[in-house]
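Okay, structure first, notes after.
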Amino acid sequence: MSDMPVGLMMTLAEQEQAMRRFAALSTEERDRVVDQARQVSSREEMQAIVQSLT
């Protein structure tokens, strides 16, 4: 997924469980997470999105 926000990739890289869960999502579910990540305006918001995956 080359159009994935860098902040999402970095935050997922910090949380292995969330990364595994993200990888296991359907394409549609991953797209929703990516769309949410594009809307964030702070690191805390990005962390909340990633934390919701665990």
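Using a 1.4 Å probe on the protein chains only, how many percent of the accessible area of the chain belongs to carbon and sulfur?
49
Assuming 1.567 mPa s and 4 °C, estimate D for the chain with Stokes-Einstein, Rh taken as the Kirkwood radius over Cα pairs, in µm²/s.
Diffusion coefficient, whole number: 119 µm²/s.
Subtract the Cα-Cα distance of Glu28 and Met4 from 0.36 nm times their separation in residues, and report this length gain in nm to one decimal.
Computed gain between Glu28 and Met4 is 7.3 nm.
How much accessible area per residue does the chain have, in Å², with a 1.4 Å probe?
68
Each label point is 7 Å from the Cα along the Cα-to-Cβ direction; what then is the distance between the points at Glu45 and Arg20, in nm?
3.0
The values are calculated or read from the model by the stated rules, or taken from the named source; none is laboratory data. All figures in this text were calculated on a predicted structure; none of them were measured in a lab. Virtual Cβ from ideal backbone geometry, glycine too; neighbours counted across all protein chains shown. Ligands, DNA and RNA are excluded from the accessible area calculation, which covers all protein heavy atoms including side chains. Shrake-Rupley method; radii C 1.70, N 1.55, O 1.52, S 1.80 Å.
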